[in-house]
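A.B. asks: I am attaching a structure below and will ask some questions about it afterwards.
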């Protein structure tokens, strides 16, 4: 796919997602250092960076080992005079928090933008936490864009303000702002000469927040926040959008308004299309600190104002404070139902909320278009089977779970962690019965193992997660002599978020590096470590049995490279030969282990019970052969590229 | 012109992203505003993946509401029924690539596979014009997405978009080595769809 040149000095325009538009803004703003840990909805920012040829990138980028380290890298660069940026997902802030909360105490002489991808609706996160709370905790401003154009524009604002004020500034994105696509425009920019002079000066701080030194630093942070409030009052992103005139607009006592920001703005504008007499809208650009003057003016000129904010009542608290302090008679309507705290503010969600507030103004739902349905016809009762995510064909985790299941007793306890292997909780494997967050499995397993010997506890941990936050739990297990089995699911990459390299991969974002060996590391710590490729299923079963019988803290490294990444590389090579297994019909006695227990999606059942191989899916890895008790799966063999397809002939058109 | 709301659904790995990209660029080439969003992350691992596209003169949100899609595009039979049941508006349109990737519950024998007849019957009950697409003997199943695209173009199913808008977007976005084959397939399917449209 041809790529537009994100770093061209000339004006630029393309149809891109928010995660790409932000990279253009990094270049325009002169950002020099960018760091991150991959997590949805933000990893595509790095994919856009990767598409800029390495020698031409105007800034340094790295994936750090976790969000806290990434934040520290960006901080270090900033106090040395470089405009920096760190990005991560919503819950990444929890990992980064210890560092993050200190930033506002510091003089960030280069400026620093913190980009966080919140995930209302939990599209790919373990909660839908509202990160605005942590920004308030440490006096840090927040910009909230509603679409990719604003992602670009507000990044520039955030960067400039951060440089000017020497303070951290947050650009808070959400899933469907990161991933939304539209035509984005960006003006020409003069490439500034890059000045790499190390400007760190202890006198510019102090940078040591110790006891009595903290109060002046906190005072300075609060003063900067108050000056930012003036910015929030005057930014052109703060807008009053007048409601469309109509019969119900403006009668005394019924002047209505809505205060909103970010993605809910787009949903609100959709809902208000075609509504006559709709409310005026006050749209905030900076949501923290609150532009209290603009809010007071808006409240004063309306009789009833609904606050439309996704997740928690963050704006509501500030707006109610303004109304109380100013003695305003406007009826402020915040969250009126628990459902208003939950989920993404999509257009239907916003419609429902506004309908509940003003049923006379906003209809409950869009009236259905007239359908060409013959009178008396009822929709037939149909329910397509759910299709949850699953491990890919050839995935080493599938072989691992299939093998490990045979080493466990039904009462044993399995602890999951974050990664593709989390999918082991799904049928038919049911491996992983409790999950918290990155790297938590060893600590949880330690707690579960106390006071008991009757139920063996088995913890899973991925390799990227091992480096990210897993190591302290492992060391704790050794230090405090805990009694459980850790299975490290090592696939050589950060698979779930798009195959980012990690410390064990042998490469980083910018080139080759020494691969850190988890096995060597664990051995050097004194752990008992057993290692096996997961395709050796019998051996893996045996090693897990041994580990469980030995008792104490035992480690099994269940290793196999990510086959999705492997196949993406292989299929691009010249001379690639597609290989697939097939079912030997004369040997198959329809015990269906391949379909029902091993569960590779390449197998499918015919109505009569015969098993076939889906030619679109099988990658010819052959890990299934050993699972068939009747030896009815033929080893992978080359298939012609125009080979038989499972698709049936199209039916006649109706 | 009103906004056309398009809902796309398939299975992770089928190439729905490129199809969505071509449609978005086609809308842009037609001089319309577009807002689009794809599924990223975990769901791509063999789960249902969806993509939204809204094309028109006044568009703000990229999200399509359930029951409001003017056009549902599906890349698999079970997903066609899912898209029809959840997102199609009564009187809307459905086009799908006629293939089957069995969901887990079907592979486990716990639930019945979706039959083509059930989709057509349900579509009829909703007044939805439904078209299965399958071109036999294509070297790469992802080329079926081009057949789906060409069917939409040939039938004129997105108001404001002409055949050349789709074709130019496809030419610009298809992988270079596959452009010629994809354009040839596109032209053949458009011609067939247009003649079918003329007959109707």
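A.B. asks: For peptide B:92-105, compute the average count of partner chain beta-carbon atoms within 10 Å of each residue's beta-carbon. Before the final figure, lay out the partial values.
C.D. replies: Details: counts 2, 0, 0, 0, 0, 2, 5, 6, 6, 8, 11, 8, 12, 6.
Counting Cβ atoms of other protein chains within 10 Å of each residue's Cβ and averaging gives 5.
A.B. asks: What FRET efficiency would be calculated for the residue pair residue A:196, residue A:101, taking the C-beta separation as r and a Förster radius of 41 Å, to the nearest 0.05? Display every interim value, and only then the final one.
C.D. replies: Working: r = 29 Å, r/R0 = 0.72.
Rounded to the nearest 0.05, the efficiency is 0.90.
A.B. asks: Considering every pair of different Cα atoms, what Kirkwood radius, in Å, is found for the range A:5-230? Please report the intermediate quantities before stating the final value.
C.D. replies: Details: mean 1/r = 0.0575 Å⁻¹.
About 17.4 Å for the range A:5-230.
A.B. asks: Take peptide A:591-597, look around each residue's Cβ out to 10 angstrom, count Cβ atoms belonging to other protein chains, and average those counts.
C.D. replies: On the way: counts 0, 3, 0, 1, 6, 5, 1.
That works out to 2 on average.
A.B. asks: Now for a separate question. Based only on the alpha carbon positions, what is the Kirkwood hydrodynamic radius of the range B:3-199, in angstrom?
C.D. replies: On the way: mean 1/r = 0.0597 Å⁻¹.
After inverting the mean inverse Cα-Cα distance, the result is 16.8 Å.
A.B. asks: With an 8 Å Cα cut-off and a minimum separation of 6 or more residues, compute the relative contact order for the range B:3-199 in percent.
C.D. replies: Values: 379 pairs, mean separation 42.2, N = 197.
For the range B:3-199, the relative contact order is 21 percent.
A.B. asks: Bin width 5 Å, alpha-carbon pairs only: give the P(r) of the range A:486-595 as whole percents, running from 0 to the bin holding the largest distance.
C.D. replies: Bin by bin from 0 Å, the calculated values are 2, 9, 14, 15, 16, 15, 12, 8, 5, 2, 0.
A.B. asks: What FRET efficiency comes out for the pair residue A:433/residue A:481, r = Cβ-Cβ distance, R0 = 30 Å, nearest 0.05? Display every interim value, and only then the final one.
C.D. replies: Values: r = 24 Å, r/R0 = 0.80.
Once the sixth-power term is evaluated, E becomes 0.80.
A.B. asks: What relative contact order, as a whole-number percentage, does chain A give when Cα pairs under 8 Å and 6 or more residues apart are counted?
C.D. replies: Numbers: 1309 pairs, mean separation 63.9, N = 654.
For chain A, the relative contact order is 10 percent.
A.B. asks: Another question, if that's okay. Pairing the Cα long axis of helix A:214-234 with the longest principal axis of chain A, what angle in degrees results, from 0 to 90 and rounded to the nearest 10?
C.D. replies: 70 degrees
A.B. asks: Ok, one more. For the protein assembly as shown, take the alpha-carbon Rg, divide it by the Kirkwood Rh, and send me Rg/Rh.
C.D. replies: Details: Rg = 28.2 Å, Rh = 29.0 Å.
Rounded to two decimals, Rg over Rh is 0.97.
A.B. asks: Relative to the longest principal axis of chain A, what angle (0 to 90°, nearest 10) does the C-alpha long axis of helix A:396-405 take?
C.D. replies: Its long axis makes an angle of about 70 degrees.
A.B. asks: Could you order the peptides A:466-472, A:168-174 from most to least packed, using the average number of other C-beta atoms within 10 Å per residue?
C.D. replies: Packing order, densest peptide first, comes out as A:168-174, A:466-472.
A.B. asks: Tell me the angle of helix A:18-29 to the major Cα principal axis of chain A, expressed in degrees between 0 and 90 and rounded to the nearest ten.
C.D. replies: 60 degrees
A.B. asks: Then there is this: Given a Förster distance of 35 Å, report the FRET efficiency between residue A:411 and residue A:591 from their Cβ-Cβ distance, rounded to the nearest 0.05. All intermediate terms of the calculation are to be shown ahead of the outcome.
C.D. replies: Numbers: r = 26 Å, r/R0 = 0.76.
Calculated transfer efficiency: 0.85.
A.B. asks: Tell me the mean residue ellipticity at 222 nm calculated for chain A from its helices only (DSSP H runs of n ≥ 4, each -39500 (n - 2.57), averaged over every residue, nearest 500). Spell out each step's value before the answer.
C.D. replies: On the way: 18 runs with 190 residues, N = 654.
Theoretical 222 nm ellipticity from helices: -8500 deg cm²/dmol.
A.B. asks: Which order do the peptides A:284-294, A:183-193 come out in when sorted by mean C-beta neighbours inside 10 angstrom, highest first? Don't skip to the end; give the middle numbers.
C.D. replies: On the way: A:284-294: 22.0, A:183-193: 13.3.
The most tightly packed comes first, giving A:284-294, A:183-193.
A.B. asks: Next up: Order the peptides A:67-76, A:483-492 from the highest to the lowest mean number of other Cβ atoms within 10 Å of their residues.
C.D. replies: Working: A:67-76: 23.7, A:483-492: 25.7.
Per-residue Cβ counts within 10 Å, averaged per peptide and sorted highest first, yield A:483-492, A:67-76.
A.B. asks: Three principal axis extents, largest first, for the C-alpha atoms of the range A:394-553, in Å?
C.D. replies: Computed over the range A:394-553, the largest-to-smallest principal extents equal 49, 35, 28 Å.
A.B. asks: Using a ≥ b ≥ c from the Cα gyration tensor of the range A:577-638 (square roots of the eigenvalues), is it rounded, prolate or oblate, where a/c under 1.5 gives rounded and otherwise the larger of a/b and b/c decides, a/b for prolate?
C.D. replies: Prolate, because a/c is 1.5 or more and a/b exceeds b/c.
A.B. asks: Just counting partner chain Cβ atoms within 10 Å, what average do the residues of peptide B:51-64 show around their Cβ? If you can, show how the numbers build up before the last one.
C.D. replies: Details: counts 2, 4, 1, 2, 0, 0, 0, 4, 5, 13, 17, 11, 12, 3.
Whole-number average of other-chain Cβ neighbours for B:51-64 is 5.
A.B. asks: OK, next. Could you please state, rounded to a whole Å, how far the C-alpha centre of the range A:382-404 is from the C-alpha centre of the range B:46-119?
C.D. replies: Distance between centres, Cα-based: 21 Å.
A.B. asks: Something else now. So how long is each side of the range A:239-357 along the principal axes, counting just the alpha-carbon atoms, biggest first, in Å?
C.D. replies: 34, 33, 25
Read-outs throughout are calculated quantities, based only on the coordinates presented, and are distinct from any laboratory measurement. Treat the numbers as computed from the prediction; the structure is a model and nothing was measured. In this analysis, Cβ positions are derived from the backbone assuming ideal geometry, glycine residues included, and neighbour counts consider all displayed protein chains.
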